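The values are calculated or read from the model by the stated rules, or taken from the named source; none is laboratory data. Keep in mind that what you see is a predicted model, and the values were worked out from it rather than measured. Here Cβ is always computed from backbone atoms with ideal geometry, including for glycine, and neighbour counts include all displayed protein chains.
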């Protein structure tokens, strides 16, 4: 009995000393990691009238622009907008405006922004999206350094879409009763009045899908769909921000104010 016990103890010790083998992750999982917003994007793609979004019809684009957009989607999914097709004209880099004695920089850093090449129709296309959003939203959103002036480009490997999240209502005025939040130097001078029912619709999402079809969606962050996976990326009162990094790999920021060329800042 004693010898058998020693054998059992020895086996137990050997097992405890051995490394625990865990299954290796699937290669596809490594290449296409899941994002919290995957279900959100699928709902936009597969639901005719999602509860949380209003579809804004887009004008028919020229065949040349459609080709450029298809190449743009592919480059975005490869997380590289400069190879093999360089969409950006780095020779015309410019500084995005700063305000309040240079203490307010609207860009993500102090580096310059780069326009699209003139040989591409993409600069004009994306500028037109910015320009039309105020009328599409019936005046609830305006082009302004306090309201709409930027969008975030991301790539979602699961759904194979490239997309932009437009953030409006970026700097509402500080108000002790309605919006008691100090957002820094860029908020100074804001005349943007906080209204909850308008603030919850501060996000728009432009998508080019796996079939190179484009769509634009006006998101209502205050709507609960009952689908926990979708609702996980909405909500967030009182700021109601749809975070681009919850939807995919962030590739670039787009900046646009009237009177300036659209500028791109890569990550």
For this session: Scan the stretch 190-223 residue by residue and report those that are farther than 17 Å from residue 148 by Cβ, touching a residue at least 12 places away in the same chain (Cβ under 8 Å) and part of a loop (DSSP other than H, G, I, E, B).
Result: 209, 210, 212, 222, 223
For this session: Output the residues belonging to the stretch 218-233 that are in contact with a helix residue (DSSP H, G or I) (Cβ under 8 Å, 6 or more places away or on another chain), under 17 Å from residue 46 (Cβ atoms) and crowded, with 19+ Cβ neighbours inside 10 Å.
Result: 230, 233
Exercise. Is it the case that the stretch 169-185 has a residue that's in contact with a helix residue (DSSP H, G or I) (Cβ under 7 Å, 6 or more places away or on another chain), crowded, with 18+ Cβ neighbours inside 10 Å, more than 20 Å from residue 107 (Cα to Cα) and touching a residue at least 24 places away in the same chain (Cβ under 8 Å)?
Worked result: no
Exercise. Any idea which of 264, 251 is out of contact with any helix residue (DSSP H, G or I) (no Cβ under 7 Å at 6 or more places or on another chain), assigned to a strand (DSSP E or B), modelled with pLDDT of 95 or more and under 28 Å from residue 98 (Cβ atoms)?
Worked result: 264
For this session: Identify, from the list 149, 166, 154, the residue that is surrounded by 15 or more Cβ atoms within 10 Å (Cβ to Cβ), within 21 Å of residue 267 (Cα to Cα), modelled with pLDDT of 95 or more and touching a helix residue (DSSP H, G or I) at 6+ places or on another chain (Cβ under 6 Å).
Result: 154
Seminar exercise, completed: Within the stretch 43-73, the residues that are within 15 Å of residue 126 (Cα to Cα), assigned to a loop (DSSP other than H, G, I, E, B) and over 21 Å from the mean Cα position of the chain (by Cα) are 59, 60, 61, 62
Problem set entry | Residue check for residue 255: surrounded by fewer than 20 Cβ atoms within 10 Å (Cβ to Cβ) and within 17 Å of the chain's Cα centre (by Cα) | no
Problem set entry | Hits in the stretch 113-143 (condition: part of a loop (DSSP other than H, G, I, E, B), more than 20 Å from residue 58 (Cβ to Cβ) and in contact (Cβ under 8 Å) with a residue 60 or more places away in the chain) | 115
